[in-house]
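S.K.: First the structure, then my questions, so here it is.
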Amino acid sequence: MYSFEIESPTSVADAVAALGKEEAQALGGGQTLIPSLKARLAAPSVLVSLKNIDEIKGVSINGDTVTIGGGTTHATVAAEVGSAYPALADLAVNIGDPAVRNRGTIGGSLANNDPSACYPAAALASGATIVTNTREIAADDYFEGMFTTALEEGEIVTAVKFPVPEAAAYIKFEQPASRFALVGVFVAKYADGVRVAVTGASEDGVFRWSEAESALSSNFGADALDGLSLSGDGMISDLHGSGDYRAHLIAVLTKRAVKAAA
Amino acid sequence: MGQLGARAGLYDAATVRVNATGSISVMVGAHSHGQGHETAFPQVVAEMLGIDESMIDIVHGDTSKIPFGMGTYGSRSLAVCGSAMVRATEKIINKAKKIAGHLLEASDADIELKDGQFTVAGTDKSVAWGDVTLAAYVPHNYPLEDIEPGLEETAFYDPANFTYPSGAYACELELDPETGRVTIERFAAADDFGNVVNPMIVEGQVHGGLAQGIGQALLESCVYDENGQLLSASYMDYAMPRAEDVPFYQVDHSCATPCTHNPLGVKGCGEAGAIGSPPAVVNAVIDALHSGGYTQVDHIDMPVSPHRVWKAMQG
Amino acid sequence: MHMSDTREIKAPREVVWAAILDPEVLKQCVPGCTEMTGSPEEGFEATVVQKVGPVKATFKGQVALSNRNEPESLTLSGEGKGGAAGFAKGGADVTLTDKGDGITELHYEVEAKVGGKLAQLGSRIIDGFAKKMADQFFTNLQDAVEGPADPEDAPEAEGEAAEEGKKKGWFKRMVSN
Amino acid sequence: MTKVTMTVNGKAVSKEVSGNTLMTEFLRDELHLTGTHVGCDTSQCGACVIHVDGQSVKACTMFAGEAEGASVTTIEGMANADGSLSVIQQAFQDHHGLQCGFCTPGMVMTAAALLKENPKPSEHEVRDYLEGNICRCTGYHNIVKAILAASGQDVSGIAAE
Amino acid sequence: MPKDHGIGASQKRREDVRFLTGAGQYTDDISTYGQTYCVFLRSDVAHGTINNLDTSDAEAMPGVVRIFTGKDFEGIGGLPCGWQVTDKNGEPMKEPAHPVLAQGKVRHVGDPIAAVVAESLEEARNAAEAIVYDIDELPAVVDMKAALEAGAAKVHDDLDDNLCYDWQFGSDQAAIDEAFSNAAHVTTLDLINNRLVANPMEPRVALGEYNRANDESTLYTTSQNPHVIRLLMGAFVLGIPEHKLRVVAPDVGGGFGTKIFHYAEEAFVTFASRQINRPVKWTSTRSEAFMSDAHGRDHVTKIELALDADNNFIGLRTDTLANMGAYLSTFSSSVPTWLHGTLMAGNYKTPAIQVNVKAVFTNTVPVDAYRGACRPEATFQLERLVDKAARELGVDPIALRRQNFIDSFPYSTPVAVEYDTGDYTATMDKLEEMIDREGFEPAARRARPMASCAGSASTAISRPAALRRRTSWVSSARAPVSMTPPRCG
């Protein structure tokens, strides 16, 4: 690793100030960033650890909204969200492995927006609101392509607000080596319609499958998806699966998610 | 194997060093990298001498301590190096019998070794292992003209032939026709390893081989692009088998036809699991596809990934 | 990997051709380019900073123009070393077809390759990323020549030229004046 | 360089470290606790799993500075007070749950975390929990069996012994 | 009563106690006084000419003790291949030079170009990045078939082509031709034995130490066979007499073949420690291991089985391309030949067998033995082929195997070896008993592999998230396979 110093502020305000330094970089759970640093693929001069900021940790459930602090670990989400939003807890408990879940955070995952990560699918399918130190961003406006988000330099995800759906499920088909999603589909049914978000598949990162959404909004059953398919163009193609295969999996997994949710 | 072109020999060597108080260091050329030599090798020497394993230590992995050795590979440790150890221990027994014969005032031809006691055949005259070893190093009243002091022997053993274990393996799996994903449900391996020194270790060797073979069949692959860049060059893309990729295995080694040309009658076991499992898995996949009506699929190259199965099903 | 695309640029072929040969335009077009010096004849030295998720790498290398067949076709090639990240190389065969009415059809065939850690760790995303880069390059070129479809998307070109570009396409304006 | 203070296997330690010192480097190079192993550089093999404030973490994917004030347990701190093997360690030996021993510290630490969370896991739950721990020798059979045995469950019905 | 000691006892392992308490001592756990750290600058292109290699800036960086390049190894031996194979025309195999550090050319991604020795690992890494070099990339040879075509780029300029040897073994041409011309049925299969990486969980490590007082070198290394390393490194590479060279392999964290071979890094740290008179340690990262540990398998094979009208095997022939990678690793040449060809009889009394192997150089990491060392490759070919033959003939695959089992011992195969003992029928009986007992799919289904599949009940599966809902059919199947004999050298 290149050398850098770590700062561990205890408030969002201090963290934002620290991130204003040249070549400063926020450190969430570090489960993606630290391996990248070890490979010398980044050279920040200061890492600003968000671990000691209590105000961005924890889960609160208020009526139909689950609010999760940006610094909340996957393990905590898995343990505490289950009663209010079981599909989200189910997603969290299948991210990475236990040790990764004890460190990795929802804010870190959403800020990174890895095209194969799980949380972006949940946030987009839930129509979640990403809360930062300066503003609130609707999920539909937040994700801007792989590894790209609406976040400005130095902006911190402080919380994510999930409206609780009537029914939802996340089905992940794992890439056998990394265990990231080769394809993951999150289906969430709300009073005003169904949202379907797909991760792992597109070269543009997480996206909504609008044809499936309209079909499911009028008939929330797997049969509503009969005959619907996506093109493999623009889908990730790598040694684990072609774009066409990923497109095929999206259709299969969406049906399974609908069945699991129903 | 020199006649086949091997520039190094394929023998192995062992030194059995008996200390004055009867404890033993066995310097072996084989070098364990997980196979449990420190446990299995003393079992053989203990059996031959009738003493407790705790008196015997294995020394390996250091050229300054070991006469010579070709190392551990090719399922060879016990069959080749173990045989050298047996030969060296036989030399120890021969010399110890001479010493015992002297102490018991009997001909060494009449001395029997059982349970760590040297006995004059047909009598109740006996002397313990420790008394003999002490005499070897503290040679008062010792026929120095006939017997050298000390009790240390080395043997090199060059096998006359390979050993030929064999086995029959079966795999039961489920194939998800929508995604192409294969899940191994059951796996059975019946092997003939000849005689077995430590069944627990032998079974562990088969388990590990099975996981590597299942890994080759379903998961693992080294992929280069057309420019020679290695794409599967970390655990992010090279799929190592994990606990949930494999089932509990059923393994058996009760069909035993001992090897005829090494003194232990053992055959190699370390590689067996990795040898039999890949075809068992792929045959089962093809069988599953045929039974599901995909009779056009003759073969799928390994690793039989979900993507490849799906492609094969597309025709 | 191989990529190709065709796009229509609302400018005469000579204008498009001249833009490609202009170091300032090239610099604006190469995504992440922070420095470019040199000439079309001698080639350019370039510094490019790329950030993908947690990865941030600075590539130093050369950009060259070859096979020039004015104003119909040329080859644009670049290669850069990114230190610990490895290297990236790419070549684009560009053909310009005059479609009349001041419209030029630009077609490109890109061959790109990466090596080192980028290839070792990035196989999942590298194709998509390369496509995005190629697309962005030619979008930037188009914007530079004809002005962006949406002024907000204009590349942050410097000073007055950028301001003008928002109306018209700063390069087109410069050459047509 | 900053000073970090933490408790490791019950002993207070205090050392100057640089920002980029990983927990694995701190344990292995500074404290000479070489039982925590490094088997990969992408945070997947799990040979380096330790407990930080009672939770399993990958020591290769955490900076020493982040453990300020924490209570850390490594494989060296897992045996009973009298030096005898703990229940989990003993189960690994009894059921031949290790061969080369390199992944073993991480396996034991992960198993301990599992049994704390879930004292009677099913076979599936054990295998699922081991997702972040790679073993190349055992084929996992005896590791899973050892963990089930350590949880007090009857493993005599599991094949092959 | 099972035995509790001696031969046949399932004794608990004594080595476990240290491994379970963190007290094992692996090579990376050893650090010595005055130790320096080594980092290799490795090629990131598969094939190229090194034009310019300037270490002067890097030498001036903090903590750098010395930087070595190929120049430092001019006149010093290369890594030898330990097995001579003679090809079918009586010619010796082509054995290109395999330098410790690249001499003018790089031939695979990961080929070491230079080595930095510094006071700390990070300083060594910093300096390795600061080395200025320029490689003229040449076309890379990756695919074996393409490598053998006329006009293909050459991995080694001093060789005529990319063929290491063309080896033939077993029955003579007349016997094979006769078998196939008499065949009532011929089954053919084209297949690939996928390239693997052994991946022992402990990455390789080498620590070289030099004692000026007695001119002795000690190498601590992650090796399966320290004496072989001493012999090869002392006699063939560095010219150090054995009595001045000690090789120690402490606890080794798995090997599976890949730690048999003598590697450049072992020779380097031994050499460098003598040059700078300080210990030099190299610890591989996992990413580095993928491009510097010898790989395994990587064969492309066409195999054909001739059967008579009664389904007896009467002839077998194979054509294999075996990837050697860019250089010959220690035992690479023996793997597709003597360790593979001699096992092609498998468990079957096929009277005529001919094995053809072309070993090919490519711009990839060297390939050598990996657990099984070509017995898996041989077995995979044969057992897949037998299964395919059974399907084509509409007979039970187990019955076809049983019918052709070797049933009297000793048995001399057409591929040079003599099996001393075995009882393949009894082993297969045992297997069938096990699978009935353990609740495998009933034999009736197995015997009718073409029957349509009724969806079997789904049993517990590993990742509910992935396959929580399964619709349509789910197939269960098994295909017993008898295993060819492995053997020990």
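The values are calculated or read from the model by the stated rules, or taken from the named source; none is laboratory data. Not measured: the values here are computed from a predicted model. Methodologically, a virtual Cβ is constructed for each residue, glycine included, from the backbone with ideal geometry; neighbour enumeration extends over all protein chains shown. These accessible areas exclude ligands, DNA and RNA; they are computed on the full protein's heavy atoms, side chains included. Shrake-Rupley method; radii C 1.70, N 1.55, O 1.52, S 1.80 Å.
S.K.: Jot down the per residue volume, in cubic angstrom and as a whole number, of the convex hull over the alpha-carbon atoms of segment A:5-49.
M.R.: Enclosed volume per residue, from the Cα hull, is 58 Å³.
S.K.: On a full-extension model of 0.36 nm per residue, what is the gain between E:LYS71 and E:ALA426, subtracting their alpha-carbon distance, rounded to one decimal in nm?
M.R.: Going from the current span to full extension adds 121.7 nm.
S.K.: Continuing with this model, one more query. Tell me, what is the FRET efficiency for A:GLU144 and E:THR32 to the nearest 0.05, using R0 = 41 angstrom and their Cβ-Cβ distance as r?
M.R.: That gives a FRET efficiency of 0.20.
S.K.: As a test of the definition: with a 1.4 Å probe, what buried accessible area, both sides summed, do you compute for A against B, in Å² to the nearest 100?
M.R.: Summed over both sides, the interface buries about 1600 Å².
S.K.: Just to confirm, what accessible area per residue do you get for segment B:2-157 at 1.4 Å probe, in whole Å²? Walk me through the numbers before you get to the answer.
M.R.: On the way: 5970 Å² over 156 residues.
In whole numbers, segment B:2-157 has 38 Å² accessible per residue.
S.K.: Please give the charge dipole size of segment E:149-207, origin at the Cα centre, charges +1 on K and R Cβ atoms and -1 on D and E Cβ atoms. Round to the nearest 20 debye.
M.R.: Computed about the Cα centre, the dipole is about 440 debye.
S.K.: Rounded to the nearest 0.05, what FRET efficiency is calculated for D:THR5 and D:ASN80 with R0 set to 25 Å and r the Cβ-Cβ distance?
M.R.: Computed FRET efficiency for D:THR5 and D:ASN80: 0.40.
S.K.: Provide the buried accessible surface between chains A and C in square angstrom, both chains summed, 1.4 Å probe, rounded to the nearest 100.
M.R.: 1700
S.K.: Label 7 Å along Cα→Cβ of E:ASP310; segment E:404-431 residues with amide nitrogen under 14 Å?
M.R.: Answer for segment E:404-431: E:404-405.
S.K.: Hey, another quick one. Could you tell me how many cubic angstrom of Cα convex hull volume segment C:59-112 has per residue?
M.R.: 74
S.K.: Take every Cα-Cα pair in segment E:170-239 and report what % of them are more than 14 Å apart. Could you put the intermediate results ahead of the total?
M.R.: Values: 1878 of 2415 pairs.
Summing the P(r) tail past 14 Å for segment E:170-239 gives 78 percent.
S.K.: What are the equivalent ellipsoid semi-axes of segment D:2-76, built from the alpha-carbon gyration tensor (square roots of five times its eigenvalues), in whole angstrom, biggest first?
M.R.: On the way: eigenvalues 60, 36, 24 Å².
Equivalent-ellipsoid dimensions as semi-axes: 17, 13, 11 Å.
S.K.: Moving to a separate point now. With charges set only on the Cβ (+1 for Lys and Arg, -1 for Asp and Glu), what does the dipole of chain D come to about its Cα centre, in debye to the nearest 20? Walk me through the numbers before you get to the answer.
M.R.: Details: 10 positive and 18 negative charges, 19 e Å.
It works out to roughly 80 debye.
S.K.: Using +1 at the Cβ of each Lys and Arg and -1 at the Cβ of each Asp and Glu in segment B:2-157, identify which of B:HIS31, B:THR123, B:PRO149 lies farthest towards the dipole's positive end.
M.R.: Toward the positive end, the furthest listed residue is B:HIS31.
S.K.: Can you work out D for chain A in µm² s⁻¹ from Stokes-Einstein, where Rh is the Kirkwood radius over C-alpha pairs, the temperature is 37 °C and the viscosity is 0.692 mPa s?
M.R.: Stokes-Einstein gives a translational diffusion coefficient of 177 µm²/s.
S.K.: Just in segment C:49-120: which GluC sites (Glu not before Pro) are loop by DSSP and have at most 14 other Cβ atoms within 10 Å?
M.R.: Answer by residue number: C:GLU72.
S.K.: Hey, another quick one. Kirkwood-based Rg over Rh for chain E (C-alpha set), two decimals? Kindly include the intermediate steps, with their values, before the conclusion.
M.R.: Numbers: Rg = 26.2 Å, Rh = 25.5 Å.
So for chain E, dividing Rg by the Kirkwood Rh gives 1.03.
S.K.: Could you bin all the Cα-Cα distances of segment B:101-169 into 10 Å bins starting at 0 and give me the percent of pairs in each, rounded to whole numbers?
M.R.: Going from the shortest bin to the longest, the percentages are 16, 37, 20, 14, 10, 3, 0.
S.K.: In 5 Å bins starting at zero, report the fraction of Cα pairs in segment A:221-262 per bin as a rounded %.
M.R.: Spelled out per bin, shortest first, that is 6, 25, 26, 18, 14, 9, 2.
S.K.: Out of C:GLN62, C:VAL145, C:LEU26, whose Cα points farthest toward the positive end of the dipole of segment C:2-162 (charges: +1 Lys, Arg; -1 Asp, Glu; placed on Cβ)?
M.R.: C:GLN62
S.K.: With no solvent and one point per C-alpha, what does the Debye sum give as log10 I(q)/I(0) for segment E:61-217 at q = 0.14 Å⁻¹?
M.R.: -1.06
S.K.: So what's the convex hull volume per residue for the Cα atoms of segment A:167-261, in Å³?
M.R.: Cα-based convex hull of segment A:167-261, divided per residue, equals 80 Å³.
S.K.: If you place +1 on the Cβ of every Lys and Arg and -1 on the Cβ of every Asp and Glu, how big does the dipole about the Cα centre of segment A:55-163 come out, in debye to the nearest 20? Walk me through the numbers before you get to the answer.
M.R.: Values: 5 positive and 13 negative charges, 71 e Å.
Rounded to the nearest 20 debye, it is 340 debye.
S.K.: What relative contact order, as a whole-number percentage, does segment D:28-142 give when Cα pairs under 8 Å and 6 or more residues apart are counted?
M.R.: Relative CO of segment D:28-142 lands at 31 percent.
S.K.: Then there's this: Principal axis lengths of segment E:148-201 from Cα atoms, whole Å, largest first?
M.R.: Here the spans come out as 44, 39, 20 Å, largest first.
S.K.: Share of Cα-Cα pairs in segment D:38-153 beyond 17 Å, in percent?
M.R.: Tail of P(r) above 17 Å: 53 percent of Cα pairs.
S.K.: With a 1.4 Å probe and all protein chains left in place, how much of the accessible area of segment A:163-250 comes from carbon and sulfur atoms, in whole percent?
M.R.: 45
S.K.: Over segment A:55-163, one equal point on each Cα, no solvent: what is log10 I(q)/I(0) by the Debye formula at q = 0.16 Å⁻¹?
M.R.: Those come out to -0.61, one per q.
S.K.: Suppose R0 equals 60 Å. What FRET efficiency, 1/(1 + (r/R0)^6) with r the Cβ-Cβ distance, do C:GLU70 and E:ASP166 give to the nearest 0.05? List each step's numbers first, then the result.
M.R.: Numbers: r = 53 Å, r/R0 = 0.88.
That gives a FRET efficiency of 0.70.
S.K.: Additional query: How would A:ILE61, A:ILE106 rank on accessible area, largest to smallest, probe 1.4 Å?
M.R.: The ordering from most to least exposed comes out as A:ILE61, A:ILE106.
S.K.: Nearest 10 degrees is fine. How inclined is helix B:82-104 to the longest principal axis of chain B, computing both from alpha carbons?
M.R.: Roughly 20 degrees, rounded to the nearest 10.
S.K.: Given C-alpha coordinates of segment B:2-157, what is the ratio Rg to Rh with the Kirkwood estimate of Rh?
M.R.: Reported Rg/Rh (Cα atoms, Kirkwood Rh): 1.03.
S.K.: What does the net charge come to around A:VAL194 if you take all other residues with beta carbon closer than 10 Å to its beta carbon, with K and R at +1 and D and E at -1?
M.R.: Working: positive: A:LYS189, A:ARG195; negative: A:GLU166, A:ASP192, A:GLU213.
So the environment of A:VAL194 carries a net charge of -1.
S.K.: Same structure, new question: From Cα pairs below 8 angstrom and at least 6 apart in sequence, can you work out the relative contact order of segment A:3-139, rounded to a whole percent?
M.R.: So the answer I get is 20 percent.
S.K.: Report Rg (one decimal) and Dmax (nearest whole number) for the protein assembly as shown, counting Cα atoms only, units Å.
M.R.: 32.7, 124
S.K.: To the nearest 10 degrees, how steep is helix E:375-393 against the longest Cα principal axis of chain E, on a 0 to 90 scale?
M.R.: Between the helix axis and the principal axis of chain E, the angle is about 30 degrees.
S.K.: Now a separate question. So, counting K/R as plus one and D/E as minus one, what does the shell of residues with Cβ under 12 Å around E:SER171 add up to?
M.R.: -2
S.K.: List for segment B:276-304: residues with 40 Å² or greater reduction in accessible area, all protein chains versus chain alone, probe 1.4 Å?
M.R.: B:PRO279, B:ASN283, B:ASP287, B:HIS290, B:SER291, B:ASP298, B:HIS299, B:ASP301, B:MET302
S.K.: At 7 Å along Cα-to-Cβ for each site, give me the label-to-label distance between B:HIS261 and A:ALA79 in nm.
M.R.: Using points 7 Å along Cα→Cβ, the separation is 6.3 nm.
S.K.: Report, to the nearest 10°, how far helix E:264-276 tilts away from the longest principal axis of the Cα atoms in chain E, using its own Cα long axis and a range of 0 to 90°.
M.R.: In chain E, helix E:264-276 runs at an angle near 20 degrees to the longest axis.
S.K.: With N set to the residue count of segment E:53-152, report its C-alpha Rg divided by 2.2 N^0.38 Å to two decimal places.
M.R.: After normalising by residue count via 2.2 N^0.38 Å, the value is 1.41.
S.K.: With an 8 Å Cα cut-off and a minimum separation of 6 or more residues, compute the relative contact order for segment B:165-233 in percent.
M.R.: 22
S.K.: Shifting gears a bit: Taking a probe of 1.4 Å, how large is the accessible area per residue of chain E, in Å²?
M.R.: Each residue of chain E exposes 32 Å² on average to a 1.4 Å probe.
S.K.: Can you give me the P(r) profile for segment E:127-229? Cα pairs, bins 5 angstrom wide beginning at 0, each as a whole percent.
M.R.: The calculated distribution, bin by bin, is 2, 7, 8, 8, 9, 13, 16, 12, 8, 6, 4, 3, 2, 1, 0, 0.
S.K.: I would also like to ask the following. Extent of segment C:2-162 along each principal axis, from alpha carbon coordinates, in Å, largest to smallest?
M.R.: 47, 33, 31
S.K.: From the phi of every residue in segment B:122-134, what ³J(HN,Hα) in whole Hz does the Karplus formula 6.51 cos²θ - 1.76 cosθ + 1.60 yield, where θ is phi - 60° and glycine or proline is x?
M.R.: x, 10, 9, 6, 8, 9, 7, 3, x, 5, 5, 5, 5
S.K.: Quick check: pseudo-label points 7 Å beyond the Cα along Cα→Cβ at B:ASN94 and A:SER3, how many nm apart are they?
M.R.: 6.7
S.K.: What is the set of long-range amide H partners of B:ILE58 at a cut-off below 5 Å, with H atoms built 1.01 Å from backbone N?
M.R.: B:VAL26
S.K.: Let me ask something else about it. Along the positive direction of the dipole of the protein assembly as shown (beta-carbon charges: Lys, Arg +1; Asp, Glu -1; about the Cα centre), which of B:HIS207, C:GLY100, A:SER231 reaches farthest?
M.R.: Positive-end residue among those listed: B:HIS207.
S.K.: So what's the net charge close to E:GLN103: Lys and Arg +1, Asp and Glu -1, counting the other residues with Cβ under 9 Å from its Cβ?
M.R.: On the way: positive: E:LYS71, E:LYS105; negative: E:GLU74.
Residues close to E:GLN103 contribute a combined charge of +1.
S.K.: Each label point is 7 Å from the Cα along the Cα-to-Cβ direction; what then is the distance between the points at E:VAL132 and A:ASN133, in nm?
M.R.: 4.1
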